[in-house]
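A quick write-up on the structure given underneath.
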Amino acid sequence: MTDTLTSPTETAQGGEPTRTLDAVIIGAGVAGLYQLHQLRQQGLDARIYDAASDVGGTWFWNRYPGARFDSEAYIYQYLFDEALYKDWSWSHRFPDQPEIEQWLHYVTDRLHLRDHITFGARVEQATYDEDRARWTVRTDTGEVIDTQFFVTCAGMLSAPMDHLFEGQDSFRGQIVHTSRYPESGLDLAGRRVGVIGNGATGIQVIQTIAPQVGHLTVFARTPQYVLPMKNPKYGDAEVAWYKGRFEELKQNLPHTFTGFEYDFVHVWADTPPERRREILEDIYEDGSLKLWLASFGEMFFEQEVNDEISQFVREKMCARLKDPALVAALVPTDYGFGTHRVPLEMGYLETFHRDNVDLVSVRDNPIARIVPEGIELRDGTVRELDVIIMATGFDAGTGALTRMDIRGRDGHTIKEDWFTEIRTTMGLMKHGYPNLFTTAVPLAPSAALCNMTTCLQQQTEWINDCIHYIREHGKSVIEPTDEGEQAWVEHHDETANATLIAGTTSWYLGSNVPGKPRRVLSYTGGVGVYRDKCAEEAAEGYPHFAIS
Ligand code: NA7
C-alpha cells in the first residue's frame, strides 16, 4: 500500500501532487462503491472521487418525481455478501428513488467506505505518464492525484443531454433536466408544466406529476412500447420469500441473458401459434420486463417474430387509449418491440385522458426553440409554461468520459478517440490507455442491456482480479493490444449486427447525440456469455493484453 502523503514526484503536467494513491475511482454509485471495497480488501490505497455531495451515483442524481427501479429490487442487489443482502428489506417489488438511495447509504456504512470517498470533487482531467507508468488525476477542487490505477465507475447514463434547444436560457420560468432535479423538489401545484421526452424517465415523470400540476403539456416525439408495472407492497412473507432465494439468485443471475432472474425459456419456432398467444398473455400479466427479456429470444433476431410480438403489445396499448389521435401519437409502428429500451409504467397511457393533460406530438412539428414564455414549435405556435422538465436523456456509455479530458499514451485522448470510433476491449479497458479500467462503457452488456448490479459486480470483480494478478506477478502495467481490441470489436459488431437493434435509432446506438459515431453500444451476446469470455481471458493470463 502506498503512502497517502504528498509525493515529491513531479506529475504528468508538472506540479506536485496533493495526494498519492494506488487507485483513483471515479463515482460513488453501485460500481464505484463495490470497486472501492474490493481494492481496499486487497490492500490498495484506493479512493473515490465524486462530484455529488453523497453516495448513490445514478440514484443520487435522478431524484425526479416518480423515479424508481424497473428491475425487481431483490435482484438489483449486491450478491457477494449474504448478510449485506439479507439485512436490508425492500418495501416494494419496484421501490422508488429515496429508498434506493437509502440502501446505498446502508451499503456504504456497512462496508465502512465513507472515509475513503471525496465528495464534491469532479474529475476534470487525467494524464498518463508513460515514463513513470502512472496517472495524474485532477479535480475541479484543485486536487492533483498521482495514482497507478485509474478506474472509471462514472455511470452509463450520467452525462445529461441538457443543452438541446436554442433560447433555453431565455425561459422566464424554471427549467430542469430530470437528472438534475432539485433535492427539495419543485412546487408544481397549480402550475403549467411542460415535459419534453417520453423515454423511460419521461414516462415516470408524466404519470407521477399529472395529478399534481395545474396543467401538463407533454412534448413527445417517438412513441414507446410500454408494459404495465405491477408493484405490490412487500410484507414479511414476501421479504422472507426473496431472502430465502439468495443462493439461487446468486447462482442464476450472472448467467442469464440480461442479468435478470429470468431468461428466454420459450422458442417461437417450437411453439404452436395458439400457444404463443397464451404464453405472451401469461407473461404480460407478470407486470415486469419479462415480456421483453424472458419470452421469445427470437424477437431480437427474426423480423416476423418481432412483428407478431410488437403487434401483441400494440393491441394492449390501443385497448387502453380512447382517442385515435392518442393512438397515433403514442403507439409505435415504425420499429419493433424490444429494439429500444422498454419502459414499465403505471397508468402512463391513461394519464392522457385527464382534462389537465395535453399531448403535443413533435414528430412532424418539432420544438424550434425555447422562448421566455415557453416552448415554440416549428409552425410558430407557443405553448406557455411555468416549468419545463427536460426528460431528454443522456450521452450514454461514452459521455461520462468524453466530457473529461483523459489523455493516454502518445497523445491519445478519449474524447477524440471516441468521436472517431467507439472502441474498447470488452468494455473494461482501451488500447492506448494503460492501467485505465472502465465500467459501464460501450461494448459490454453494462452499456445498456443488463440488470446493472449484475453486470457491475462482474466488471468490478474482473478489474479487481486483474489488478491482483498484475501485482502478484511483480508487474505494474496492463494495456489491451491493438489486435486484441480489434478482435473484440469485430466480435461485438458481428453479434450486434445480427440483432434487429442494429437497424434502429435510439440511444442504444448513440443516435441521440449529434456527431456520435454509430455503433450498438451494448454487447448483445448475453450477460452469461460475456462473463465467460471475460473469465476465460483472465484464466489464460490475459492473452489480448500486454503486461509489463
Ligand atoms: P431517453 O430514453 O433517451 O429518452 C429521451 C426522450 O427525450 C425521448 O423521448 C426523446 O425523443 C426525447 N427528446 C430528446 N431530444 C428531443 C428533442 N430535441 N425534441 C423532442 N424530444 C426530444 O432517456 P431517458 O432518460 O428517458 O431514459 C434513459 C435510460 O435511463 C432509460 O432507458 C433507463 O435505462 C434509465 P426521441 O426518442 O429521440 O424521439
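Observations
- Residues in region 513-531 that are more than 19 Å from the chain's Cα centre (by Cα) and under 17 Å from D263 (Cα atoms): V529 alone.
- A Cβ distance below 7 Å, combined with a sequence gap of six or more or placement on separate chains, defines the contacts here; from region 497-514, residues that are touching a residue at least 12 places away in the same chain (Cβ under 8 Å) reach residues that are aromatic (F, W, Y) and within 11 Å of the ligand (Cβ to nearest atom) in the pairs I501/Y508; T504/Y335; W507/F394.
- The residue that is farthest from R531 (Cα to Cα), counting only those in region 456-488 that are buried (at least 21 other Cβ atoms within 10 Å of the Cβ) and of a type in the set (D, E), is E479.
- Filter pass, T453 being surrounded by fewer than 24 Cβ atoms within 10 Å (Cβ to Cβ), within 15 Å of the ligand (Cβ to nearest atom) and under 21 Å from R40 (Cα atoms): yes
- Candidates D115, D109, D87, D70, filtered to the one that is farther than 29 Å from Q212 by Cα, of a type in the set (D, E) and touching a helix residue (DSSP H, G or I) at 6+ places or on another chain (Cβ under 9 Å): D87
- Filter result for T425 (β-branched (V, I, T), under 18 Å from the mean Cα position of the chain (by Cα) and at pLDDT 95 or above): no
- Residue within region 381-388 that is surrounded by 20 or more Cβ atoms within 10 Å (Cβ to Cβ) and within 15 Å of the ligand (Cβ to nearest atom) present: yes
- Residue list for region 489-525, restricted to those being assigned to a loop (DSSP other than H, G, I, E, B) and either buried (at least 21 other Cβ atoms within 10 Å of the Cβ) or more than 16 Å from the ligand (Cβ to nearest atom) (or both): A498, T499, G510, K516, P517, R519, V520, L521, Y523, T524, G525
- Output for region 195-214, where each listed residue is assigned to a strand (DSSP E or B) and within 11 Å of the ligand (Cβ to nearest atom): V195, I196
Yes/no per residue for (1) surrounded by fewer than 20 Cβ atoms within 10 Å (Cβ to Cβ); (2) within 16 Å of the ligand (Cβ to nearest atom); (3) under 30 Å from M346 (Cα atoms):
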residue: I25; (1), (2), (3): no, no, no
residue: V30; (1), (2), (3): no, yes, yes
residue: L36; (1), (2), (3): no, no, no
residue: G43; (1), (2), (3): yes, no, no
residue: R47; (1), (2), (3): no, no, no
residue: R63; (1), (2), (3): no, yes, yes
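- Pairs where the first residue, in region 130-152, is assigned by TED's automatic domain parsing to the domain that holds R403 and at positive phi and the second is surrounded by 24 or more Cβ atoms within 10 Å (Cβ to Cβ) and modelled with pLDDT of 95 or more, C-beta under 8 Å, 6+ apart: A133/P434
- I463 being out of contact with any helix residue (DSSP H, G or I) (no Cβ under 7 Å at 6 or more places or on another chain), outside the structural domain of Q303 (by TED's automatic domain parsing), assigned to a helix (DSSP H, G or I) and in contact (Cβ under 8 Å) with a residue 40 or more places away in the chain: no
- Selection of first residues in region 61-88 that are among the hydroxyl-bearing types (S, T, Y) and of second residues that are part of a loop (DSSP other than H, G, I, E, B) and within 15 Å of the ligand (Cβ to nearest atom), restricted to Cβ pairs under 6 Å at least 6 apart or on distinct chains, gives the following pairs, ordered by first then second residue: Y64/Y181; S71/N451; Y76/F69.
- Index of the failed condition, Y106 passing every other in (1) over 22 Å from I463 (Cα atoms); (2) assigned to a loop (DSSP other than H, G, I, E, B); (3) not charged (D, E, K, R): (2)
- When region 341-358 is filtered for residues that are away from the ligand (no atom under 16 Å from the Cβ) and in a strand (DSSP E or B), only V357 remains.
The values are calculated or read from the model by the stated rules, or taken from the named source; none is laboratory data. None of these values were measured; they are calculated from a predicted model. Methodologically, a virtual Cβ is constructed for each residue, glycine included, from the backbone with ideal geometry; neighbour enumeration extends over all protein chains shown.
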